[in-house]
1. How many residues does the range 47-80 contain that are farther than 22 Å from K25 by Cα and either surrounded by fewer than 11 Cβ atoms within 10 Å (Cβ to Cβ) or of a type in the set (S, T, Y) (or both)?
2. From the set of residues in the range 1-26 that are part of a strand (DSSP E or B) and aromatic (F, W, Y), which is most open to solvent (accessible area, probe 1.4 Å)?
3. Somewhere in the range 5-20, is a residue closer than 25 Å to G103 by Cα and free of Cβ contacts under 8 Å to residues at least 60 places away in the same chain?
4. Which fully enclosed strands (runs of 3 or more DSSP E) of the range 27-104 have 3 or more residues being in contact (Cβ under 8 Å) with a residue 40 or more places away in the chain?
5. Can you pull out every residue in the range 63-78 that is under 15 Å from Q32 (Cβ atoms) and not basic (K, R)?
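The values are calculated or read from the model by the stated rules, or taken from the named source; none is laboratory data. All values derive from a computational prediction rather than experimental measurement. Every residue, glycine among them, receives a Cβ derived from its backbone with ideal geometry; neighbour counts consider all protein chains shown. Ligands, DNA and RNA are stripped out before the accessible areas are found, and what is left, the full protein with its side chains, is counted by its heavy atoms. Shrake-Rupley method; radii C 1.70, N 1.55, O 1.52, S 1.80 Å.
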Amino acid sequence: SSKTFWTTTGMFPQELIIGFPKCVKISKVAIQCYLVRTLRIERSTSKDPVGFEQCIEKDLQHREGQLQMEEFPLPEFQATYLRFIIKSGFDHFVSVHRVMAEGT
């Protein structure tokens, strides 16, 4: 829902894990967030959310008063879980408004 979001508790790092019902192939991940400075995306192909490996880490551009909209084209890979680690923010509290994964 565009009316809901996830917010940090004020310290970093913070993480958010998204699980899929089964292992899927992902070609692109997109995120809409607010005040995120450094973001890392990791994946796991395990049955449980363990054994993550880093896919990408990026410093995002600050957009005063606007959502940050970032797309990460990734080489096609399989994942059962995606972990989003917010390593730092432009403020004590940041938010994630939407996460999208494209693939099959």
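1. Residues meeting the conditions: 4.
2. W6
3. no
4. 36-44, 68-89, 95-103
5. If the condition is that a residue be under 15 Å from Q32 (Cβ atoms) and not basic (K, R), then G65, Q66, L67, Q68, M69, E70, E71, F72 are the ones that fit.
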